[in-house]
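Okay, here's the structure, questions in a sec.
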Amino acid sequence: MRKTALLLVLLTAGCASSDWAKTESVPGGKLYIPKLYAPLLPGSIYPDKKAPIPARARPAMVLVCPSKGDCREREVLDQAAQRGLVVLATRSSAASIAPRPEVDPARGGTLTVAPAALKVEVPTPAQAESSPSSPSKQIFLAALLGREPPEAKDATVLKLYSPNPKGLLPGEAFRDAVEWLAGELGAR
């Protein structure tokens with residue numbers, strides 16, 4: 001009886017649907033293309049799961065993970081898929097997404113993961129530089145490990161979190177980083 005139940009659980013888990021329409025190995029890492037759906041009704045934010053649409057000119061994120069340590073790649077990918085971001089998961093900070101029909105080259109950002117910090121960057125468009133309403137295009141999320149908070153430079157937004165028992169950033173920091181990046185890139 002236990003073997004049958006275990007087999008059923010394993011088969012059910014293997015049949016779970018992915019949030020990604022396509023994943024492929026590309027130079028520099030692994031590329032994730034999200035599943036997208038038409039709106040349930042015109043103007044609706046709710047997706048019609050019976051009407052998939054191809055990913056075209058989507059905002060993109062380069063996820064840079066350290067060579068060792070906790071990257072929480074699964075958490076970041078789950079959040080990015082919910083927001084319809086194309087993701088390149090890589091270990092190199094020099095990696096970039098090659099031109100593709102799924103990616104809008106004008107809407108891209110980087111999320112760099114370090115042991116107790118995240119750095120999110122969005123290149124500032126030329127017209128936004130003159131706008132005083134958006135002075136910062138960088139956010140630095142960090143766990144408060146010492147008595148003094150880390151220093152944020154060049155109008156970078158600093159957001160501090162209480163570390164978990166292992167001294168790492170909590171899951172909320174990863175969610176907030178992806179959410180901020182998606183908002184800056186205009187992901188819907």
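The values are calculated or read from the model by the stated rules, or taken from the named source; none is laboratory data. What you see is a predicted model; the values in this text were computed from it and never measured. Note that each Cβ is placed from the backbone with ideal geometry, even for glycine, and that neighbours are counted across all protein chains shown.
Hey, could you check segment 39-73 for residues that are among the basic types (Lys, Arg) and touching a residue at least 60 places away in the same chain (Cβ under 8 Å) and say which is surrounded by the most Cβ atoms within 10 Å (Cβ to Cβ)?
Restricting attention to segment 39-73, the residues satisfying the condition of being among the basic types (Lys, Arg) are 49-50, 56, 58, 68, 72.
Next cut, touching a residue at least 60 places away in the same chain (Cβ under 8 Å) only: 58, 72.
Values: Arg58: 22, Arg72: 18.
Step by step, filter segment 39-73, then rank; the result is Arg58.
Looking at Pro101, is it surrounded by fewer than 15 Cβ atoms within 10 Å (Cβ to Cβ) and farther than 28 Å from Tyr161 by Cα?
Details: surrounded by fewer than 15 Cβ atoms within 10 Å (Cβ to Cβ): yes; farther than 28 Å from Tyr161 by Cα: yes.
In short, yes.
Which one of Thr12, Thr23 is at pLDDT below 90, β-branched (Val, Ile, Thr) and either farther than 18 Å from Ala114 by Cβ or surrounded by 13 or more Cβ atoms within 10 Å (Cβ to Cβ) (or both)? Spell out the reasoning first.
On the way: Thr23 fails: at pLDDT below 90.
From the options Thr12, Thr23, the qualifying one is Thr12.
Considering only residues that are at pLDDT below 60 and not in a loop (DSSP other than H, G, I, E, B), which ones fall in segment 100-154? Can you show your working first?
First pass over segment 100-154, keeping only residues at pLDDT below 60: 125-136.
Across segment 100-154, the qualifying residues are Ala126, Gln127, Ala128, Glu129.
Let me ask something else about it. Please go through (1) part of a strand (DSSP E or B); (2) under 15 Å from the mean Cα position of the chain (by Cα); (3) not hydroxyl-bearing (Ser, Thr, Tyr) for Gly84 and return the number of the only condition it doesn't satisfy.
(1)
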